[in-house]
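Here the structure is laid out as structure tokens; the discussion comes afterwards.
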Amino acid sequence: MSARHVVAIDQGTTSTRCIVFDQQGRFVSVAQREHRQWFPQPGWVEHDAAEIWANVTKVVPAALAKAGIGPGDVAALGIANQRETAVLWDRRTGRPQGRAITWQDTRVAPLLPELARRVDDPTLRERCGLPLSTYATAPRLTWLLRESPDLRRRAATGDVLFGTMETWLVWNLTGGVSGGVHVTDVTNASRTMLMDLRTLDWDDGLGDAFEVPRAMLPQVRPSATVHGRATQVLPGVVIGAAIGDQQAALFGQACFAPGEAKCTYGTGAFLLLNTGSEPVVSTHGLASTVAFQADGEPATYALEGSIAMTGSLVQWFRDSLAMVRTAPEIETLARTVEDNGGCFIVPAFSGLFAPHWRPEARGGISRLTSHLTRGHLARAVLEATAWQTVDVVEAMNADAGLALTALRVDGGMTSNLLLMQTVSNLLDVPVERPMVHETVSLGAAYAAGLTVGLWPDLAVLRRHWHCGARWAPDMAPAQRELERRGWRTALAQTLTSAEPTPPSTGPPAP
Amino acid sequence: MLLQLVASRADPVSVSDVAAALGVAKSSAHELLRTLTDVGFLAQDADTGRYAVGDGARRLAHGPLDTNLLRSLTTNLVDALAVRSGESAYIGVLRGQQVEVVHHVFRPDDTRQQLEVGDRHEAHATAMGQVLLALDPAAPAVMRTLDPVRLTQRTLDLPALRTRLVEVRQRQWACTVGERTADKADVAAPLRGRGGIVVAAVGLVGDVDQVVSARRDPRPVLLAHVQAAAAAITAELGATL
Ligand SMILES: Nc1ncnc2c1ncn2[C@@H]1O[C@H](COP(=O)(O)OP(=O)(O)OP(=O)(O)O)[C@@H](O)[C@H]1O
């Protein structure tokens, strides 16, 4: 085989990136374009799918040019994408029907109580692994089709198609109106709330509950399989993988075995734990999801806990409190003091999510004393991210019946060494950062390369993973317990001061 | 004085304002403004052509470069240096007579390694330190009182160090072999912020036989990796710092 590069498209929330990797899984080049965020009403967040497709047609050639290669040098293309975002388009014209409703959009909150009466929580969790929230795609389809009888009619006949972002991109890459294939992968489908976690296909009962006609849904396929051959942008190249971004990061971090976990620390944080070949139904407030599936093989599952406020709390500290000029400088400020001075910040600005699911909870700063300085607050901000990680890990350990032995991390906040040491100290397990930062793209590239045989098996990929930095726990157990009591007390205050108003309405709009 | 003038005005100033206020010809005012803009002390508005205080001057007011910010901005590029060279990669800044490690990426060979961020080494005995002693704006003051401690048989004394620093200034990179630890060699190059001012050094450290040839020159590929990393990081810093 002469084609020795793999191209990954990371279709993210704020931008679309194309990264070229070589056969050793090393980064070669990148090109990136941001797309516009539309906020037509409070709580609404939309993207223009046509703009995103146009960006793909620009970033892919740009990344290839930087790498000095052509489509003939590309063994396969892999796609990783923002999950849960809903795109509708006309099969005949290829035109999006309205803007895409993104995963951050909370417009469906008022629909949830009604939907909750149709499908109760235990059934949902058992069937599709997700709690009813504004995160999932299905309520968005309910909303869209109720808004427009015309759309509903054309959806029922399959003239209007639905897809998450990878579906939209694959359809366009494979020819769009002239022969585009209409497919999704198991990881993306597992975030819609419409797929049965065990059969790995659309569930008619859920489809009925959410009023979604089967004719508009794409075919569900494994993550790593030949989804088609591109006729646009990379003519002739095999699309060897499509996978949701957080699952891609899990794969890019080489967490292939049960018990292996990664956490991506960005604006929010996403912790995924590989639970092996059976889905674990969470009784501790986590989502159960498909981690990966290769052609002809059983699926691998994961437990997922998402934390709404990690980097965004740092942004609040920087922008609203003007305590630092840039996010990384919070570490400098935090290091001006030895400890948190007894101060804890519970960042529940719009409720507490996994694993607590208390949307009515409101944030708080506990134990304010006169000797507190900006440095103590900086520590408390960083520790809030670490404690929220601990809460999710403890829920995972309880659900999965095992104890996490190490945590792999990635994302912008991992350059904060004090935070990483604190996570290790409070979790009491080593924390490891990989050498390749771009774990989402790498995961998509790995999956695509596996499909076309560029890499023979997972063992080879595992050898590509190298540790860039490692933090070992360095805190006396008594001290950890003392700190834990402080966090728990602060958390309890937040929860008891809140007026209960279930059910959950999902994450805050950014 | 010019900076004070610009900083004292509520609105951005024009070339004529400056010429009038300082009592100089417009061409001289223009030249002064350009120079200060080039080093980042002033910023020119693309639409109106007027001048305001730039990030560089604000940074002076805020003290030295924040090393946590520096690490955050350079993570991808230093990772790439470690992956490509197969050695551990570092960023260091000058702290008096020492160089402080502010970023460290492990050697990609899966052996157990310790994070060395925060460690300080005698600047005169390391490649990063020699780069900074040769090029950092704070170096002349440091050199006036430096009495280099002898750490190994190969550690340079003051006259030899001065000769070395002249070479480093000329080549824009440094390499030491066994000068701090007998069996280690290192290669480093300068990182520049806005206006070309050296703010830090990037380098790699490895076993002597890996890093240098029998003639004790850095292996050309490794030197090229360090220089490429320095250029890429400098471009990044120039755009943001
Ligand atoms: N050194 C740091 N210390 C603390 N917080 C940081 C640091 N660097 C970045 N952050 C925070 O991390 C977030 C940015 O990280 P990242 O770029 O991974 O996020 P993202 O926008 O969620 O990711 P993407 O755009 O790739 O989907 C910001 O919220 C920022 O406040």
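Miscellaneous remarks
- Top positive-direction residue, dipole computed over the protein assembly as shown with Cβ charges, set A:L407, B:A134, A:L495: B:A134
- Label point at A:D90 placed 7 Å out along Cα→Cβ; residues across region A:188-229 whose backbone nitrogen lies under 18 Å: A:216
- Between helix B:26-38 and chain B: long-axis angle, C-alpha atoms, 0 to 90°, nearest 10: 30
- Debye-formula intensities of region B:67-237, expressed as log10 I(q)/I(0) at q = 0.14 Å⁻¹, are -0.64 (one equal scatterer per alpha-carbon, no solvent).
- Of the residues B:A189, A:M396, A:H376, the one whose Cα sits farthest towards the positive end of the charge dipole of the protein assembly as shown is B:A189 (charges of +1 on Lys and Arg Cβ, -1 on Asp and Glu Cβ, taken about the Cα centre).
- Normalised Debye scattering of region A:220-305 at q = 0.23, 0.24, 0.25 Å⁻¹ gives log10 I(q)/I(0) of -1.07, -1.13, -1.19, counting only Cα atoms as equal scatterers and leaving out solvent.
- Mean separation of Cα contacts under 8 Å, 6 or more apart, over the residue count of chain A: relative contact order %: 16
- Approximate shape of region A:1-74 as ellipsoid semi-axes (Cα gyration tensor, √5λ), whole Å, largest first: 30, 11, 8
- Taking the Cα centre of the protein assembly as shown as reference, the dipole from Cβ charges on Lys and Arg (+1) and Asp and Glu (-1) amounts to some 1360 debye.
- For chain A, the spread of Cα positions along each principal axis, largest first, Å: 69, 52, 42
- For region B:47-146, trypsin sites (Lys or Arg not before Pro) are listed when DSSP marks them as loop and at most 13 other Cβ atoms sit within 10 Å of their Cβ; the list is B:R112.
- Mean projected area of the Cα convex hull of region B:166-206, taken over all directions, amounts to 3.2 nm².
- Modelled FRET efficiency - R0 41 Å, A:R146 with A:Q23, Cβ distances, 0.05 increments: 0.25
- Near-label residues of region A:164-206 by backbone N, under 12 Å of a point 7 Å along Cα→Cβ of A:V281: A:197-198
- Theoretical gain in end-to-end length, B:E31 to B:S16 [0.36 nm per residue, Cα-Cα removed]: 4.2 nm
- Prolate/oblate/rounded label for region A:270-318 (Cα gyration tensor, a/c 1.5): oblate
- The calculated pair-distance distribution of region A:429-472 uses every alpha carbon pair, bins of 10 angstrom beginning at 0, and gives 26, 47, 22, 5 percent.
- Dimensionless Rg ratio for region A:5-247, taking C-alpha atoms and the 2.2 N^0.38 Å reference: 1.00
- Of the residues A:L194, A:V30, A:G207, the one whose Cα sits farthest towards the positive end of the charge dipole of chain A is A:V30 (charges of +1 on Lys and Arg Cβ, -1 on Asp and Glu Cβ, taken about the Cα centre).
No lab work stands behind these numbers, since they all come straight from the coordinates. Keep in mind that this is a model prediction, so the values were computed, not measured. Because the Cβ atoms are built from the backbone with ideal geometry, glycine has one as well, and the counts that use them run over all protein chains shown.
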